[in-house]
Amino acid sequence: MNVTKSSARQPIGMEASLWERLTSDAAARRLFILPATIVILALSIFPLIFSLAITFTNLRLLASGGTRFIGLANWARLFTDTNFHTVLRNTIVFVLGSVSIEYLLGLGLALLLNQRIRLLRFFRISLLLPMMMSPIAISFIIGKMLFSETFGPINDILFRLGLPQLRWSLDPLKSMLVLISIDAWQWTPFFILVLLAGLQAIPPELNEAARVDGASAWQVFRRITFPLLMPLSATAILIRSLEAFKVIDIVRVVTGGGPGNATETATLFAYDLGIKGGDIAYASTVAYAFMIMVIIFSLAFLAAARRAMPTRES
């Protein structure tokens, strides 16, 4: 009876050897994941190749005359396009401003939350709430309501204090500061979360030994805490910078790229060119040029961060 059950569970003869081959051979295991791999590559590699190919054409939506090969004309147009130069500068200013503020605020708040204070758990949870909200909702709440020139509480407070009201939609610098403040309010919790985890991973014995030797709080931070946080800080800054380069939602909702194109970013510029303007070929060229610049920035940042990392000898 036991033999019958055993033979029913396992294939016999040639079927058994085939089953063993399928379940033990490494090549067979790769064969099972091949369909998923093909789908992933098709959804990622094909759009990249296709969008690169159309940068050498004059492809436009609803255009008569068909599509033809024009070589490097779109790339040559890119170097002389003052609008592209403007949106690229706007994007760099936004990234540098927002990420710098977010890191400094995140580091300071992480150092505070790493102390033993009352209501510590409440503060840790409440400070992470902005990161969980939708950027569109935050843009409406802060950009359209808080900074409203007519009904906003900020202008109301300034009016009651007898100070000039804020006309941020008419001033390029103020408009950019509003966008940076919205992004910083939402994504400072990201740095708090990452840096607080790094602070809690530092052995407390290092700080205690430094204090016993007479080091001040600033010296402990400068010589021990900050160097140990450097790898984690570099990773967090790079991740957040790559996300900030792609900003489009809060710009579209709050300023629309205005006044003029003073706050228009590269992603919004490419979107308007391709979807609203119909110039698919040139929009793809802008997107590819922007991607190349972001890759160069990432490589340069990683090289600089690697040089700044403390070595074991030091």
> Checking G71 against (1) without any contact (Cβ under 8 Å) to a residue 24 or more places away in the chain; (2) on the phi > 0 side of the Ramachandran plot; (3) open to solvent by 30 Å² or more (accessible area, probe 1.4 Å), which test does it fail?
Replying inline: (3)
>> Suppose we filter S51, S64 for residues that are over 28 Å from K246 (Cβ atoms), among the hydroxyl-bearing types (S, T, Y) and modelled with pLDDT under 90; which single one remains?
In response: S64
> Which of the residues belonging to the stretch 275-301 are at pLDDT below 90, in a helix (DSSP H, G or I) and surrounded by 11 or more Cβ atoms within 10 Å (Cβ to Cβ)?
Replying inline: I275
> Is the stretch 259-271 home to any residue that is among the hydrophobic types (A, V, I, L, M, F, W, C) and open to solvent by 30 Å² or more (accessible area, probe 1.4 Å)?
Replying inline: no
> For the stretch 302-314, what are the residues that are open to solvent by 30 Å² or more (accessible area, probe 1.4 Å) and touching a residue at least 12 places away in the same chain (Cβ under 8 Å)?
Replying inline: L302, A308, M309, P310
>> I need the full set of residues from the stretch 139-173 which are within 23 Å of V93 (Cβ to Cβ), open to solvent by less than 90 Å² (accessible area, probe 1.4 Å) and in a loop (DSSP other than H, G, I, E, B), in order please.
In response: F147, E149, L166, D171
> If the Cβ limit is 8 Å and pairs must be 6+ apart or interchain, which residue in the stretch 194-207 that is under 15 Å from T235 (Cβ atoms) and free of Cβ contacts under 8 Å to residues at least 40 places away in the same chain pairs with which residue that is open to solvent by less than 30 Å² (accessible area, probe 1.4 Å) and part of a loop (DSSP other than H, G, I, E, B)?
Replying inline: none
> Exactly one of (1) within 14 Å of V251 (Cα to Cα); (2) open to solvent by 50 Å² or more (accessible area, probe 1.4 Å) is unmet by A197. Its number?
Replying inline: (1)
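The values are calculated or read from the model by the stated rules, or taken from the named source; none is laboratory data. It should be emphasised that the depicted structure is a prediction, and the values quoted were computed from it without experimental measurement. Reconstructed Cβ throughout: ideal geometry from the backbone, glycine too, with neighbour counts over all protein chains shown. Each accessible area value is taken on the protein alone, full model and side chains, heavy atoms only, with ligands, DNA and RNA left out. Shrake-Rupley method; radii C 1.70, N 1.55, O 1.52, S 1.80 Å.
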